[in-house]
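See below for the structure under consideration.
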Amino acid sequence: MSGRQRRQGLVDSEEMAAFFAKLDHLNQAQLMTMRAAWRSTSHQVHEEAWATVRGVCARDGLTAEIDQVRTRALAWTTRGSNSVPFFRANFDDVAWQQAKMEAGEAIVDAALAVAMGGRLGTSARDVLIGPWLRATEAVE
């Protein structure tokens with residue numbers, strides 16, 4: 001690139017790389033824990049958190065970058081199971097893929113919380129990242 005450095009996008013950050021690396025190491029039970037925790041939060045609370053996300057995106061011009069984060073998170077939930085081999089040995093591919101897809105909403109929310117970092121208020125961030133934290137407590 002001719003003397004100019006490319007600006008690092010949200011999806012390319014070190015924080016996102018660490019998030020996806022940890023995501024690749026979750027097991028089926030942790031994915032189901034994420035799904036259950038996400039579903040235990042009311043629809044209204046989710047809507048309020050997403051309203052905050054949309055407001056921050058509009059204010060900071062991050063709509064395209066947040067779309068990339070969402071796309072990457074959703075792609076993880078729908079791709080073939082190519083995660084850590086010892087997890088593949090423990091779960092059949094159909095069950096593993098189903099668990100990933102069922103946790104998709106929680107995964108997208110967590111990815112957004114990680115990508116947006118301190119741009120979100122504590123309340124919205126806690127809603128989005130909460131299921132991830134509950135599922136990964138033993139991993140941290």
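The alpha carbon centroids of segment 103-121 and segment 31-67 are separated by 7 Å.
Remark: the Cα gyration tensor places segment 10-69 in the oblate category, a/c being 1.5 or greater and a/b not exceeding b/c.
Distances over 24 Å make up what percent of all Cα-Cα pairs in segment 10-136?
That fraction is 25 percent.
Counting Lys and Arg as +1 and Asp and Glu as -1 over every other residue whose Cβ lies under 12 Å from the Cβ of residue 69, the net charge comes to -3. Annotation for residue 21 and residue 78: the two label points, set 7 Å from Cα along the Cα-Cβ direction, are 2.8 nm apart. Spin-label model, residue 13 to residue 47: label points 7 Å out along the Cα-to-beta-carbon direction sit 2.8 nm apart. Remark: segment 10-136 carries a charge dipole of roughly 140 debye about the Cα centre, counting +1 on each Lys and Arg Cβ and -1 on each Asp and Glu Cβ.
Multiplying the residue separation of residue 67 and residue 39 by 0.36 nm and subtracting their alpha-carbon distance yields 7.8 nm.
Any read-out appearing in this document is the output of simple, stated calculations on the displayed coordinates, not a laboratory observation. The model shown is predicted, which means the values in this text are computed figures rather than measured ones. So basically every Cβ, Gly included, is an ideal-geometry build from the backbone, and we count neighbours across all protein chains shown.
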